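These notes are about the structure you will find just below.
The values are calculated or read from the model by the stated rules, or taken from the named source; none is laboratory data. Small disclaimer: the values here were computed from a predicted structure and weren't measured. Here Cβ is always computed from backbone atoms with ideal geometry, including for glycine, and neighbour counts include all displayed protein chains. Please note that ligands, DNA and RNA were not included when accessible areas were found on the heavy atoms of the full protein model with its side chains. Shrake-Rupley method; radii C 1.70, N 1.55, O 1.52, S 1.80 Å.
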Amino acid sequence: MLASILAEHLQLELVGNDRDISAIAPIQTASSTELAFVSQVRFLSQLASTRAGVVIIKPAWSDRVPEGCAAILAPDPYLAFARATHYFAAASEFATGIHPSAQVHPEARVDATAAVGAHVSVGRGTEIGPSVTIGANVTIADRCKIGAGSRLEAGVVLYSDVHIGQRCRIHSNAVIGSDGFGFAPSPEGWVKIEQLGGVRIGDDCDIGANTVIDRGALQHTVLGNNVIIDNLVQVAHNCIIGDQTAIAACVGLAGSTRIGRRCTLAGGVGVVGHLDICDDVHVTAMSMVTKSISEPGSYSSGTTMMPSVEWRKSAVRMGQLENLNKRVQQLEKLLSKETRDQ
């Protein structure tokens with residue numbers, strides 16, 4: 001692709017000689033036929049030695065571009081890079097229509113422009129919209145709906161009554177609509193609570209590989225529009241996740257958690273059930289959220305890494321905090337009494 005054509009697609013300005021771009025590469029290794037980008041000041045020094053044919057940079061950095069290298073000027077180079085990747089992605093091609101080995105229930109509806117891969121199973125009452133792509137070995141149960149332009153990669157499983165919006169991507173081995181963890185204790189043991197709700201996923205969502213989203217107990221589990229979820233995430237029953245929220249790998253949400261819009265949960269975060277997290281909250285990696293958050297901002301918990309010997313000492317001190325607190329309170333009372341007696 002010519003750099004000028006890419007710049008036109010991105011609605012950005014090209015500075016320097018036009019040339020053909022074959023791929024995108026890191027700025028340290030990019031060749032004269034590849035595109036690179038710099039989005040942070042700390043990486044600007046790499047511009048001087050780059051062999052990239054074209055770089056995406058901020059307009060203010062245009063005087064730093066080495067001779068023979070062209071530049072695409074972008075107020076937000078990282079966002080421009082993200083959009084540029086769409087023009088170089090080598091998506092797998094699927095033939096429109098239903099593969100002969102697929103099993104589609106007679107009462108299911110599959111749009112003529114959809115592509116249904118090998119050994120796919122589609123249940124009764126399910127609707128697959130225009131330009132949907134279903135990879136091999138996908139299982140879609142009864143009464144599901146998949147919106148236009150969405151893509152389910154190989155091995156995805158949708159239980160019954162799962163609705164997916166438009167332009168979503170569900171990665172391999174994700175399971176959506178499995179039963180929530182609902183059981184009532186009895187003298188004879190655990191009694192299962194049938195999970196009677198479904199799952200509702202909005203438009204432009206991305207669900208990572210091996211992620212599990214449970215169906216609701218009575219009402220639906222809900223993801224808003226443009227929610228992105230990484231691999232190996234557990235979303236329990238009746239959770240509600242607001243628009244444009246991002247959840248990184250290995251996060252666990254307990255049942256009935258409500259997360260607002262534009263939140264970010266970093267890797268390994270745990271959230272206990274029946275909590276509310278307001279809009280615009282960032283929770284840092286490995287934090288444990290044990291109470292609702294009502295103010296936007298960044299939140300953390302847990303202890304930072306340290307040498308094991310020091311950590312063991314700190315762990316002992318943690319166990320002594322309650323006694324230390326009582327002693328401090330007693331000392332404060334004595335000091336207060338002495339002050340009054342003087």
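Below, the figures for the structure above:
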| item | result |
| --- | --- |
| Cα centre as origin, Lys/Arg/Asp/Glu Cβ charges: region 93-152 dipole, Debye | 120 |
| Antiparallel %, DSSP beta bridges [both residues in the chain], to 5 | 10 |
| Proportion of all alpha-carbon pairs of the chain beyond 38 Å (%) | 39 |
| Cross-link partners of K145 among aspartates and glutamates (Cα-Cα below 12 Å; sequence separation of 8 or more within a chain) | D111, E127, D161 |
| Solvent-accessible area, 1.4 Å probe, carbon plus sulfur percent, for region 119-223 | 53 |
| Within region 1-91, percent of DSSP bridges classed antiparallel, to nearest 5 | 30 |
| Residues of type lysines that K58 reaches as a straight line, Cα spacing below 24 Å, ignoring anything fewer than 8 places off in the same chain | none |
| Mean Cβ count within 10 Å, highest first, over the residues of peptides 81-88, 305-312, 160-167 | 160-167, 81-88, 305-312 |
| Cα→Cβ-extended label distance, 7 Å offset, between M306 and Y78, nm | 3.1 |
| Region 12-115 - percent of accessible surface contributed by carbon and sulfur, probe 1.4 Å | 51 |
| Ellipticity estimate at 222 nm from DSSP helix runs (n ≥ 4, -39,500 (n - 2.57)) divided over the chain, nearest 500 | -5000 deg cm²/dmol |
| Electrostatic dipole magnitude of the chain [Cβ: Lys, Arg +1; Asp, Glu -1; Cα centre; debye, to 20] | 1000 |
| Separation of alpha-carbon centers, region 124-139 and region 44-92, rounded to whole Å | 38 |
| DSSP-defined beta bridges in region 170-268 - what % are antiparallel, rounded to 5 | 15 |
| Reach of K333 by Cα under 20 Å, taken over aspartates and glutamates that are not fewer than 8 positions away in the same chain | E322, D341 |
| Whole-Å distance, taken between Cα centres, linking region 240-297 and region 5-32 | 38 |
| Accessible area (Å², per residue) of the chain, counting only protein heavy atoms and a probe of 1.4 Å | 56 |
| Choice from E194, E67, E107 showing the highest fluctuation, given a GNM over the chain with Cα pairs closer than 10 Å | E67 |
| Segments 180-188, 149-157, 203-211 sorted - mean Cβ within 10 Å per residue, highest first | 149-157, 203-211, 180-188 |
